[in-house]
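Report on the structure given below.
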Amino acid sequence: MKINKMVILAALIVLACSGSEKETPNGFKFQALKEGDGTVVKPGQYMVYHFVVMDSKDSVWADSFERGYPELAEIGDSLQAATEDGYGQMLRMLSKGDSVKFEMPVTEIFKEMAKRPVPPEIDSTLSIRYLISVEEILNKDQLAEFQSKVEQEYYANEEKKSQEQLGKDTVTINNYLESKGITATKLPSGMSYVITQEGSGPVAQSGQTVLVNYTGYLLDGTYFDSSVESIAIEKGVYDSLRAARYPYQPFEVTIDQSSVIQGWHLALKQMNKGAKGTFYIPSTLAYGRNRRSEKIKENEILIFDLEVLDIK
């Protein structure tokens, strides 16, 4: 599964100058950029391919390399071919090692492939470029082994990316603390914290339910949430619609069970009843590469002020 993405993207840049044009039985046209082994996929086999989708302003819409695993398409029997769209018929004409490209107006993409109108937020004057590179052609008896291999490589790659990001986040947090003159306790997980008010009794344990007040913000001081109404108003994050449905009040978390970020579970295990603390949470213990909101972007380090009101 080691296809060179940069080679493929370089081929995509050479739009009109490389390869030969081909056409499916129903008139769908595409361009061959690289010839493979010439053994065309057969009905009942599975095609494994990577793809990159870009618009005419060079914005990437989809990228199987970035997501970490290829696409898998089952090739139906020959009787289905006549009723397939151009994309499906094109796949039937490819072999292992082929790279192809096609470009269509965004209006046609949505009409022919998505089967719906162009959403109003998308510029309808754009054109969309697809580049596809066939990695493998598999028989049914090879499928399970291949899927297992893909899964193993995907999780290994995700772990590598996570560790690389954790390293970056740790440096950023350390530099922030140093610039602010903050002395913090550092955990092996990469999270740092300061207990600002001591509590009493034992610290919370896995499985216990903790009643906690929280306020969340970013390293640049941007606040994004609080369970305390007065703080939410003060910091400009008060939401009247939220207040009508879910009143501002302490939040219950069952440690290692509730659906909150991993950083919270680790943080609450450092606190006892009555304790207050500030926790500097690397993105890998928060929302990772997922954009949570306009304020919480990809790979965002979060700061939470937490107060434990009760432990059950």
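The values are calculated or read from the model by the stated rules, or taken from the named source; none is laboratory data. Since this is a predicted model, take the numbers as computed values, not measurements. Don't worry about glycine lacking a Cβ; one is built from the backbone with ideal geometry, like all the others, and counts go over all protein chains shown.
One residue alone among Ser133, Ser192 is closer than 28 Å to Val52 by Cβ, in contact with a Phe, Trp or Tyr (Cβ under 9 Å, 6 or more places away or on another chain) and surrounded by 14 or more Cβ atoms within 10 Å (Cβ to Cβ), and that residue is Ser133. The residues of the range 82-139 include none that are farther than 19 Å from Gln31 by Cα, among the small types (Gly, Ala, Ser) and modelled with pLDDT of 95 or more. Answer yes if at least one residue in the range 248-256 is within 23 Å of the chain's Cα centre (by Cα) and not in a loop (DSSP other than H, G, I, E, B), and no otherwise. Among the residues of the range 248-256, not one is within 23 Å of the chain's Cα centre (by Cα) and not in a loop (DSSP other than H, G, I, E, B), which makes the answer no.
Condition check ((1) surrounded by fewer than 18 Cβ atoms within 10 Å (Cβ to Cβ); (2) over 19 Å from Ile231 (Cβ atoms); (3) aromatic (Phe, Trp, Tyr); (4) touching a residue at least 12 places away in the same chain (Cβ under 8 Å)) across all residues:
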position: Phe251; (1), (2), (3), (4): yes, no, yes, yes
position: Thr254; (1), (2), (3), (4): yes, yes, no, yes
position: Ala267; (1), (2), (3), (4): no, no, no, yes
position: Asn272; (1), (2), (3), (4): yes, yes, no, yes
position: Ser283; (1), (2), (3), (4): no, yes, no, yes
position: Ala286; (1), (2), (3), (4): no, yes, no, yes
position: Ile296; (1), (2), (3), (4): no, no, no, yes
position: Ile301; (1), (2), (3), (4): no, yes, no, yes
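Would it be correct to say that Ile128 is closer than 26 Å to Asn290 by Cβ, assigned to a loop (DSSP other than H, G, I, E, B) and aliphatic (A, V, I, L, M)? The answer is no for Ile128. State whether one or more residues within the range 227-243 are within 21 Å of Glu164 (Cα to Cα), in the same structural domain as Ile195 (by TED's automatic domain parsing) and of a type in the set (Lys, Arg). No; the residues of the range 227-243 include none that is within 21 Å of Glu164 (Cα to Cα), in the same structural domain as Ile195 (by TED's automatic domain parsing) and of a type in the set (Lys, Arg).
The set of residues from the range 154-199 being in contact (Cβ under 8 Å) with a residue 24 or more places away in the chain, in a helix (DSSP H, G or I) and of a type in the set (Phe, Trp, Tyr) comprises Tyr154, Tyr176.
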